[in-house]
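The values are calculated or read from the model by the stated rules, or taken from the named source; none is laboratory data. This structure is a prediction, so every number in the text was calculated from the model and none was measured. All Cβ positions, glycine included, derive from the backbone under ideal geometry; neighbour counts span all protein chains shown.
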Amino acid sequence: MSSAPIVEERGLRAWWSRSRRKVVPYVFISPFYILFIVFSVGPLIYALYLSLHRWPGTGPMRHVGLGNYTYLAGDPVFLKSLWNTVYYAIGAFLFILPLALVLALLINSTLVRLKSLFRIGYFLPILTSTVAATLMFLMIFNNQFGLINQGLALLGVPALKWLDEELVKISVLAVAAWRYTGINVLYFLTGLQSIPPDLYEAAQVDGAGTWAQFRYVTIPQLRPIALFVGVVTMIGSFQLFAEPLLLADGGPNDASLTIANYLYRMGFTNAKLGYGSAIGWVLALIIFCLSFIQLYLFGAFRKED
Amino acid sequence: MDGTLTRRAQRTIAYGFLFFILISMATPFFWLISNTFKEQYEIFQLRPTLIPEEPHLRNYIRLFVEFDFAHHFLNSAFIAVAHTVSHLFLASLAGFAFAKYTFPLKNFLFLVLLGSMMVPLYTIFIPLFVLVIRLGLVNSYAGVIIPGVAGAFGIFFMKQSMEAVPNELLDSARIDGASEFRIYLQIALPLVRPALAVLAVLAFMTSWNDFVWPLVVLRSRELQTLPVVMAGMVGMYRMEHGVIMAASLLSTLPILLLFLALQKQFVQGLTVGAVKS
């Protein structure tokens, strides 16, 4: 009788020493899943719920069905922000990424020394905050005394209004190019350096010239890194926020406004939480579809042959 | 003969282009530094001066006296350090669990973890803000730090390096009667110190430069971080260009200094996603 508790304790201990390696990992990973459910999954579902309602943040909600979404489809400001965002994404793909690739190829080539000077020099702007960088460019683009117009004046070119409706999107892209070109150079360099040198040797043995080596070795071998860079750039472009906000407050006349800017304006400035949430879900669907298309085009779903 | 000439021409073009881009990128920064020592009228001159005509520190003094720069600097530092320490702890603990244990649903849970990186911030932005208000976390550092503290990327990253910790070490510690948490803390963690350093600089920089989330959570001025306060300087009645440029420069300095000290960790941290893809 008196020995029973001891046996039980020993049993419990034996159970613990047997199963602690099954239980403990759940404890170790639980903070992430608790926070993920509370601060991501919950809000994601709540956003969907909100997007079906009209709600100014206090008082009762009014169910409007898909009303927010149908209104969104005909909202000229939203469509403008969508177009602007697409413009930024296209600009990033047409200018920032090709520039980064060319710089990476040059740094990686046997022609050039001082490799780390260029690598690190291009990389430095990413260390600045978007706020500090954009404020700096706000001054650079200033009509009267900005660095660019000062430079143009030295060349005898009349000043341009960089933050006006016609040019503001180019200016936003310039800020993005300043901050993000270097990090993409690093990504491409990582990819270039992971190409096995014997592939080039084999190509040389087969008599391939510089161009043929580039076309048939470098480009195919860069495919994984290009996919990564493409997806990261696309996701980043579609979530552009601080640059147009600080450079021109989304203006003038909404010419620089992004989807994220419009969502912020609706949700926080105008207290239309339902409408803002609908914008958020449309944004998520766009990003998801474009990621899927990119993965498909790059053959990420195809079996390796 | 012909070949060497072409090669020399190629080299000249390559260097020319590389230096052109480098100088284009560096010029704004030097212009900024120079302007922080100028009076507003000198900034406004049509012909830019690289060396200020009458250099002075008034922009910096005003930044500290009128805009309470030191106070907001400390706010940013506190949030960034708190975020970094708690993120490192949670990420390494979960990374350790994923690397060194087998348990039911492990693969499924890891897929969920990777999938969580797909949720766009702006989609959950509004409900997250409503939630933070309901939890009473609005206008508090906890409200800034907690929602993003257990990032999936950090766990994924730490799992990779935890896998290199030898199992024999862990098993012999178990035989000596160490608890699983002590094994993590005293055996696994010291062995992955290089990876922790990489993750630390990344987490610190991300938090230090963060703008949107602190902008909505921190309502009262005395709690606000540097990017939020600096963004507020733009809309002011009379924009103080010299002061704003001084703020931009000083707010970037800690990260630049950190970079000089830990260059390798920065480069590794920022490209790790590309390597692991």
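I'd like to check which helices (runs of 4 or more DSSP H) are fully inside segment A:1-103 and have at least 3 residues that are closer than 30 Å to B:GLY177 by Cα. Please lay out each step first, then the result.
Numbers: elements: A:4-36, A:42-51, A:67-73, A:76-91.
Once the helices (runs of 4 or more DSSP H) in segment A:1-103 are filtered for at least 3 residues that are closer than 30 Å to B:GLY177 by Cα, what remains is A:4-36.
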Practice item. For segment B:43-57, enumerate the residues that are closer than 20 Å to B:LEU250 by Cβ and either among the polar types (S, T, N, Q) or surrounded by 15 or more Cβ atoms within 10 Å (Cβ to Cβ) (or both). Key: B:ILE43, B:PRO52
Review point. What about A:LEU295, is it in contact (Cβ under 8 Å) with a residue 24 or more places away in the chain and under 26 Å from A:LEU50 (Cβ atoms)?
Key: no
Exercise for review: For A:ALA260, state whether it is touching a residue at least 12 places away in the same chain (Cβ under 8 Å), crowded, with 17+ Cβ neighbours inside 10 Å, among the hydrophobic types (A, V, I, L, M, F, W, C) and assigned to a helix (DSSP H, G or I).
Suggested key: yes
Practice item. Look through B:VAL229, B:VAL198, B:VAL234, B:VAL217 and report the one residue that is in contact (Cβ under 8 Å) with a residue 12 or more places away in the chain, of a type in the set (Val, Ile, Thr) and within 11 Å of chain A (Cβ to nearest Cβ). Key: B:VAL229
Check your understanding: Here is a list of conditions, (1) surrounded by fewer than 20 Cβ atoms within 10 Å (Cβ to Cβ); (2) small (Gly, Ala, Ser); (3) away from every other protein chain (no Cβ under 12 Å), and B:SER179 meets all of them except one; can you say which number that is?
Key -> (3)
Exercise for review: Look through A:PHE78, A:PHE123 and report the one residue that is modelled with pLDDT under 90, in the same structural domain as A:GLY230 (by TED's automatic domain parsing), buried (at least 17 other Cβ atoms within 10 Å of the Cβ) and of a type in the set (Phe, Trp, Tyr).
Suggested key: A:PHE123
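Take A:ASN142 and tell me if it is assigned to a loop (DSSP other than H, G, I, E, B), crowded, with 18+ Cβ neighbours inside 10 Å and within 11 Å of another protein chain (Cβ to nearest Cβ). Walk me through how you get there before you give the answer.
On the way: assigned to a loop (DSSP other than H, G, I, E, B): yes; crowded, with 18+ Cβ neighbours inside 10 Å: yes; within 11 Å of another protein chain (Cβ to nearest Cβ): yes.
Answer is yes for this residue.
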Review point. Given A:VAL64, A:VAL86, A:VAL41, A:VAL27, which one is free of Cβ contacts under 8 Å to residues at least 12 places away in the same chain, farther than 26 Å from A:VAL232 by Cα and not charged (D, E, K, R)?
Key: A:VAL27
Practice item. Check whether at least one residue in segment A:192-215 is within 10 Å of chain B (Cβ to nearest Cβ) and among the basic types (Lys, Arg), and report yes or no. Key: no
Exercise for review: May I ask you to verify whether B:GLN40 is surrounded by fewer than 17 Cβ atoms within 10 Å (Cβ to Cβ), under 14 Å from B:VAL243 (Cα atoms) and facing chain A (nearest Cβ under 10 Å)?
Suggested key: yes
Review point. Looking only at residues in segment B:77-99 that are crowded, with 20+ Cβ neighbours inside 10 Å and touching a Pro at 6+ places or on another chain (Cβ under 8 Å), which one is nearest to A:VAL131 (Cα to Cα)?
Key: B:ILE79
**Study point:** Any helices (runs of 4 or more DSSP H) falling wholly within segment A:201-252 and containing at least 2 residues that are in contact (Cβ under 8 Å) with a residue 24 or more places away in the chain
**Key:** A:223-238, A:242-248
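Out of all the residues in segment A:149-176, which are more than 9 Å from chain B (Cβ to nearest Cβ), under 12 Å from B:PRO28 (Cβ atoms) and out of contact with any Asp or Glu (no Cβ under 9 Å at 6 or more places or on another chain)?
Here is the first cut: in segment A:149-176, the residues more than 9 Å from chain B (Cβ to nearest Cβ) are A:152, A:155-176.
So of that shortlist, the ones also under 12 Å from B:PRO28 (Cβ atoms) come out as A:174-175.
Result: A:ALA174, single match.
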Check your understanding: How many residues does segment A:127-136 contain that are in a helix (DSSP H, G or I) and within 7 Å of chain B (Cβ to nearest Cβ)?
Key -> 6
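Being under 12 Å from B:ASN209 (Cβ atoms) and not hydroxyl-bearing (Ser, Thr, Tyr) is the filter here, so list the residues in segment A:126-143 that pass it. Please lay out each step first, then the result.
Of all residues in segment A:126-143, those under 12 Å from B:ASN209 (Cβ atoms) come to A:126-134.
Hits for segment A:126-143 are A:ILE126, A:LEU127, A:VAL131, A:ALA132, A:ALA133.
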Practice item. Provide a single number: the residues in segment B:234-266 that are among the aliphatic types (A, V, I, L, M) and modelled with pLDDT under 80. Key: 2
Check your understanding: Is it true that some residue in segment A:104-120 is within 21 Å of A:LEU285 (Cβ to Cβ), out of contact with any Gly (no Cβ under 8 Å at 6 or more places or on another chain) and of a type in the set (D, E, K, R)?
Key -> no
